[in-house]
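Participant: I'd like to ask you about the structure that follows.
Every read-out reported here was derived from the displayed coordinates using simple, explicitly stated rules and does not represent laboratory data. In this text, all values refer to a predicted model and were calculated from it rather than measured experimentally. Every residue, glycine as well, gets a Cβ built from its backbone with ideal geometry; the counts of neighbours run over all protein chains shown.
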Amino acid sequence: MTQIIINLSNKEEETFVETFLKKMKISFEKNEDDFQMTDEMVEAIEVALKQDKSKAVDGKESLKRIRSKYGL
């Protein structure tokens with residue numbers, strides 16, 4: 001079996017190639033293991049890790065506060 005690696009620059013290209021290969025009945029597999037975090041993502045995580053954990057709330061409590069604040 002021959003393997004071809006295609007690096008796509010955006011979601012539009014990915015959708016086009018995926019549709020094209022399906023129409024041509026060419027089997028393919030997507031490898032999404034090469035995900036790289038942007039500098040913004042890394043910074044957001046670093047800021048979150050530096051926060052005071054004693055003030056942290058779980059997801060349910062957070063949703064409860066949002067519902068209460070906005071009357072949802």
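Participant: At a Cα cut-off below 16 Å, give the lysines reachable from K11, other chains included and same-chain residues fewer than 8 away excluded.
Facilitator: Within reach: K30.
Participant: Using +1 at the C-beta of Lys and Arg and -1 at the C-beta of Asp and Glu, which of G71, I4, L49 has the Cα lying farthest in the positive direction of the dipole of the chain?
Facilitator: G71
Participant: Can you run phi through the Karplus equation (6.51, -1.76, 1.60; θ = phi - 60°) for the range 16-21 and list ³J(HN,Hα) in whole Hz, with x for Gly and Pro?
Facilitator: Once rounded to whole Hz, the list reads 4, 5, 4, 5, 4, 5.
Participant: Right, here's the next one. Select one label from (i) 70, 7, 4; (ii) 17, 16, 10; (iii) 42, 19, 11: the one whose number is semi-axes √(5λ) of the Cα gyration tensor in Å as derived from the coordinates shown.
Facilitator: Computed from the coordinates, semi-axes √(5λ) of the Cα gyration tensor in Å corresponds to (iii).
Participant: Okay, next question. Counting Lys and Arg as +1 and Asp and Glu as -1, each charge on the Cβ, what is the dipole of the chain about the Cα centre in debye, to the nearest 20?
Facilitator: Charge dipole of the chain: 700 debye, to the nearest 20.
Participant: Identify all lysines with a Cα-Cα distance to K60 below 20 Å; exclude those on the same chain that are fewer than 8 residues away in sequence.
Facilitator: K69
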